[in-house]
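I have placed the structure first, in the form of structure tokens, so that the comments after it can refer back to it.
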Amino acid sequence: MQEGQDGKRDSKRVLVIPCSGIGKVHGLMSREAAYLVADELVPDKADLVCLALLVKEDEATIGKVKAHPCIAIDGCGKGCAMKNVELAGGEVIRAFQVGRFLSGHRGARPGSGSELTEEGWAVTREIAEAVADEVDGLCAREEVA
Ligand code: SF4
């Protein structure tokens, strides 16, 4: 386990940063996947970071991403979450893209920018489980290191 900027031990080891894509289903899926990870799948190991705070160079948020391994979930290949974590000096251990998961489900209708269909939720859960596996792996590797 790692110490945060204030010297206190951080109980949540890995930061998950979804992109902030608005108006398209990809952005909604990245955010919902991140919530599933932090609220349901690995709540003791992962925490979320608001991308907007990083973009506006919030000091506390920058300190946080520098102190923890980060996983980005981006809607598309522009990789806004991944790039902004890197710009802030953070280490992106793994970058996931919603579009890649969707391309494995040709013909799927995941929903809209404001609402997911059942199919959309299924793919979102698949993304969240992949992210949670990565979080588990990171934490396990740290324990044996
Ligand atoms: S990664 Fe793609 S979907 Fe997400 S904020 Fe950037 S441009 Fe929008």
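The values are calculated or read from the model by the stated rules, or taken from the named source; none is laboratory data. None of these values were measured; they are calculated from a predicted model. For neighbour counting, all protein chains shown are included, and Cβ atoms are generated from backbone atoms with ideal geometry for every residue, glycine included. Heavy atoms of the whole protein, side chains included, go into the accessibility calculation; ligands, DNA and RNA do not. Shrake-Rupley method; radii C 1.70, N 1.55, O 1.52, S 1.80 Å.
Does VAL92 qualify as being within 17 Å of the chain's Cα centre (by Cα) and without any contact (Cβ under 8 Å) to a residue 60 or more places away in the chain?
yes
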What about ILE71, is it crowded, with 16+ Cβ neighbours inside 10 Å and more than 13 Å from the chain's Cα centre (by Cα)? no
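Can you confirm whether ASP39 is free of Cβ contacts under 8 Å to residues at least 12 places away in the same chain, closer than 23 Å to GLU129 by Cα and not small (Gly, Ala, Ser)?
yes
Residue under question is LYS56, and the condition is that it be among the basic types (Lys, Arg) and within 13 Å of the chain's Cα centre (by Cα); does it hold?
No, not satisfied.
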So, first residue touching a residue at least 12 places away in the same chain (Cβ under 8 Å) and farther than 17 Å from GLY23 by Cα in the stretch 103-124, second residue open to solvent by 50 Å² or more (accessible area, probe 1.4 Å) and not hydrophobic (A, V, I, L, M, F, W, C), Cβ within less than 6 Å, six or more apart or across chains; the pairs are ALA108/GLU119; GLU119/ARG109; VAL123/HIS105
Residues in the stretch 86-145 that are open to solvent by less than 50 Å² (accessible area, probe 1.4 Å) and of a type in the set (Phe, Trp, Tyr): how many? 2
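Do any helices (runs of 4 or more DSSP H) lying entirely in the stretch 1-112 carry at least 2 residues that are within 15 Å of the ligand (Cβ to nearest atom) and at pLDDT 95 or above, and which ones are they?
Working: elements: 25-35, 51-55, 59-67, 80-87, 98-103.
Answer list for the stretch 1-112: 25-35, 51-55, 80-87, 98-103.
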